[in-house]
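The values are calculated or read from the model by the stated rules, or taken from the named source; none is laboratory data. The model shown is predicted, which means the values in this text are computed figures rather than measured ones. Cβ placement follows ideal geometry from the backbone for every residue including glycine, while neighbour counts extend to all protein chains displayed. Quick note on the areas: whole protein, heavy atoms, side chains included, nothing else; ligands and nucleic acids left out. Shrake-Rupley method; radii C 1.70, N 1.55, O 1.52, S 1.80 Å.
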Amino acid sequence: MKKLLSLLIFGLVILCSCDEPLGLWDPMKWKTNVSHMNKEHVIEVPSAGGTYILKCKNYAGFWISSIDGMELGYDEDMHNVAREWYTVIIEGNVMTVTIASNENPEDRVLDIGIRCGNATDDFTFEQSKAEER
């Protein structure tokens, strides 16, 4: 019984001596072709649209957790989302976001939430309104 109690106490000491709490994941780190992205991951998109490639340097196998504040359901493809004016495709550790030209008289915004286990990140694409002719 003393051996079991000693082993249990030893196990608790080991568990409590960890530097990081259980479940804490490192922040996602990105390499991208985007030259105009601020620290909050806000990307300015011209009215002509464009394609943006974001490569996660420390996680593979991440997925889209939300689009425009709406959580994706388990029955939805969390690696390939296509809507009227944008597509988001994730292959391995690379996310490609393609935004069509904006012919509307108003700016538009795309918010993308990303998740890999307990690591999360998000990106906001702010597209300018159509150029006046």
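Quick notes
- Mean accessible surface per residue for the stretch 77-125, computed with a 1.4 Å probe while every protein chain stays in place, in Å²: 50
- Potential lengthening between SER47 and TYR74 on full extension [0.36 nm per residue; Cα-Cα distance subtracted]: 6.4 nm
- Nearby aspartates and glutamates by direct alpha-carbon distance to LYS57 (threshold 20 angstrom, same-chain neighbours under 8 apart not counted): ASP26, GLU40, GLU91, ASP121, ASP122
- Counted charge near LYS55, where neighbours are those whose Cβ lies closer than 11 Å (Asp, Glu -1; Lys, Arg +1): +2
- Proximal aspartates and glutamates to LYS129, defined as alpha-carbon separation beneath 15 angstrom and excluding residues fewer than eight positions away on the same chain: GLU44, GLU103, GLU106, ASP107
- With the simple model of a label 7 Å out from the Cα in the direction of the Cβ, GLU84 to ASP111 spans 1.9 nm.
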